[in-house]
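The values are calculated or read from the model by the stated rules, or taken from the named source; none is laboratory data. For clarity, every value in this text was computed on a predicted model and none was experimentally measured. Note: ideal-geometry Cβ built from the backbone for every residue, glycine included; neighbour counts use all protein chains shown. Remember, those area values only see protein heavy atoms, side chains included, never the ligands or the DNA or RNA. Shrake-Rupley method; radii C 1.70, N 1.55, O 1.52, S 1.80 Å.
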Amino acid sequence: MRIAFLVDAFPSLSETFILNQVTGLIDLGHDVEIFAALRGAMDVVQEEVKVYGLLDRTHYYHEIPENRLRRFVKFLPLFMGDLCRHPALSLKAVDGFRLGREALSLRPYFRTSLFLRRGPFDILQCHFGRNGLVGASLKALGVPGRLVTMFHGYDIRRGLREGGQIYQPLFRRGDCFLAISQANREHLIRFGVDPEKIRYHPVGIDLGRFAPTGDQEGTPANPEVVRVLTVARLVKEKGLDDGIRAVSGLLQDRPTLRMEYRIIGDGPESPGLMRLVDELKLGHVVKFLGPKGQGEVRQAMREAHLFFLPSREEVLPVVLMEALASGLPVVATLVGSVAEIVRDGLSGYLVPTGDIEAMSLRLGALINQPGRGREMAAQGGKDVAERFDIRTLNRRLVQIYEALLRK
């Protein structure tokens, strides 16, 4: 199959779930191209981007001249060529009666022309509702392909804030909607999606890449330094300020404990979090490691004893799957669909969002009971292997596509 991925930005360090789908479908023999609204940061990129030559497969549909004259000069020869090959569709893409004032910007035309030149595609795979709306606009103009949209977090939250009607053009034209959790499925139905078009399909991880090393069995009985790890974007939704305060509380109760709290990630909250660390006099404990590629994240997980995710908002965080598959017991907040990954008391501990005292207590419990941590780590690894193996999920995704193409 020829599959077009519509995404916000590419490459993106934080969206490994998209990367895992793209590379997995390529491994299964499918022709995949990526259409992104924005160029992602290139200072640190995932190794798979280079190995699979994904930048050569990536196209940026918002990159058109800002100057109106230059835009028209670029438009004219493209339009004449497209008019010969796709006359009806090309005329629709500049139809002011259909598109209103947006047609004057020529953005709908440039976007449509890009898909026409690279296509046709069997599947338009959109990640996030916003890109699903882009796919719906392409289908409305006549671009071929089955339209599949996977909803995640911010798109669901936007629907809850503004109402599901913001996605109605997508719901009318979409062929299939992938819900990564049961909660997402319920939200989509409330927004107005036909339940017959929804398929439960979680994101997953490459188990082979995150398998624990031979000597990693959770927290050792007497570690010289207990290493706690968080991997997250430094945004308010991730609750890193709560996490830092929880670590502070733990150390106040146990002043002799030698501990290092490593935080991997970057984002707008970074300066405020660093100030908080200074205020709490935790500079010798909390280490901000910045953004890292998957290889460095895997190495950090091998070196850690515990994984900590103090989020205020989540859907189905891939990083928890990676931590459990790496043999780490976890402490996380009971938010979104985290309980579909971590079973409280079995593969980790779940605490109420914002409950700093409970976070401190659960971190301390895992440090105090290393045997319990090893049991949790083993159970968590089994759970992830059974439910979130990306190879199994990608084969299932292909089956979903094939069923759509048979209709």
* Taking the options L361, L346, name whichever one is over 18 Å from the mean Cα position of the chain (by Cα), within 16 Å of M259 (Cα to Cα) and not in a strand (DSSP E or B). => L361
* **Selection within the stretch 20-43 - of a type in the set (V, I, T) and in contact with a strand residue (DSSP E or B) (Cβ under 8 Å, 6 or more places away or on another chain)** => V22, I26, V32, I34
* So which residues in the stretch 251-274 are in a strand (DSSP E or B), among the aliphatic types (A, V, I, L, M) and either within 27 Å of the chain's Cα centre (by Cα) or on the phi > 0 side of the Ramachandran plot (or both)? -> I263, I264
* **Index of the failed condition, S347 passing every other in (1) more than 23 Å from G153 (Cβ to Cβ); (2) open to solvent by less than 20 Å² (accessible area, probe 1.4 Å)** => (1)
* Asked: Looking only at residues in the stretch 110-131 that are open to solvent by less than 30 Å² (accessible area, probe 1.4 Å) and over 27 Å from the mean Cα position of the chain (by Cα), which one is nearest to Y61 (Cα to Cα)?
  -> F110
* When K139 is evaluated against the numbered criteria (1) open to solvent by 20 Å² or more (accessible area, probe 1.4 Å); (2) more than 24 Å from E322 (Cα to Cα); (3) modelled with pLDDT of 95 or more, which criterion, by number, is the only one it fails? -> (3)
* **Only listed residue being modelled with pLDDT under 95 and not acidic (D, E), chosen from P255, P271** => P255
* Asked: What is the one condition in (1) open to solvent by 30 Å² or more (accessible area, probe 1.4 Å); (2) assigned to a helix (DSSP H, G or I); (3) hydrophobic (A, V, I, L, M, F, W, C); (4) modelled with pLDDT of 80 or more that F97 does not satisfy?
  -> (4)
* Residue among A140, A103, A88, A93 that alone is more than 30 Å from G204 (Cβ to Cβ) and without any contact (Cβ under 8 Å) to a residue 24 or more places away in the chain -> A103
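Residue by residue, here is whether (1) among the acidic types (D, E); (2) closer than 19 Å to D175 by Cα; (3) surrounded by 15 or more Cβ atoms within 10 Å (Cβ to Cβ) holds:
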site: A93; (1), (2), (3): no, no, yes
site: P108; (1), (2), (3): no, no, yes
site: L133; (1), (2), (3): no, yes, yes
site: D155; (1), (2), (3): yes, yes, yes
site: G163; (1), (2), (3): no, no, no
* To do: Please work out which residue is least open to solvent (accessible area, probe 1.4 Å), limiting yourself to the stretch 364-407 and to residues that are polar (S, T, N, Q) and either part of a helix (DSSP H, G or I) or in contact (Cβ under 8 Å) with a residue 40 or more places away in the chain (or both).
  => N394
* State the number of residues belonging to the stretch 61-103 that are under 27 Å from D8 (Cβ atoms) and of a type in the set (F, W, Y). => 2
* **Selection within the stretch 142-181 - modelled with pLDDT under 90 and under 20 Å from E237 (Cβ atoms)** => G153, Y154
* What do you reckon, is E314 at pLDDT below 95, in a helix (DSSP H, G or I) and either on the phi < 0 side of the Ramachandran plot or surrounded by fewer than 17 Cβ atoms within 10 Å (Cβ to Cβ) (or both)? -> no
* Number of the condition not met by L289 [criteria: (1) in a strand (DSSP E or B); (2) free of Cβ contacts under 8 Å to residues at least 40 places away in the same chain; (3) under 20 Å from F388 (Cβ atoms); (4) among the hydrophobic types (A, V, I, L, M, F, W, C)] -> (3)
* Hits in the stretch 131-186 (condition: closer than 19 Å to L99 by Cα, of a type in the set (G, A, S) and out of contact with any Pro (no Cβ under 8 Å at 6 or more places or on another chain)) -> G132, G135, G142
* Count, please, the residues in the stretch 91-124 that happen to be closer than 22 Å to M1 by Cβ and not charged (D, E, K, R). => 9
* Structure fact -> Checked the stretch 1-16 for anything out of contact with any Cys (no Cβ under 7 Å at 6 or more places or on another chain), surrounded by 22 or more Cβ atoms within 10 Å (Cβ to Cβ) and at pLDDT 90 or above; matches are I3, A4, F5, V7, F10
* Candidates V51, V45 - the one that is surrounded by fewer than 22 Cβ atoms within 10 Å (Cβ to Cβ), at negative phi and over 19 Å from the mean Cα position of the chain (by Cα) -> V51
* To do: May I ask you to verify whether R146 is open to solvent by less than 70 Å² (accessible area, probe 1.4 Å), touching a residue at least 24 places away in the same chain (Cβ under 8 Å) and under 18 Å from F35 (Cα atoms)?
  => yes
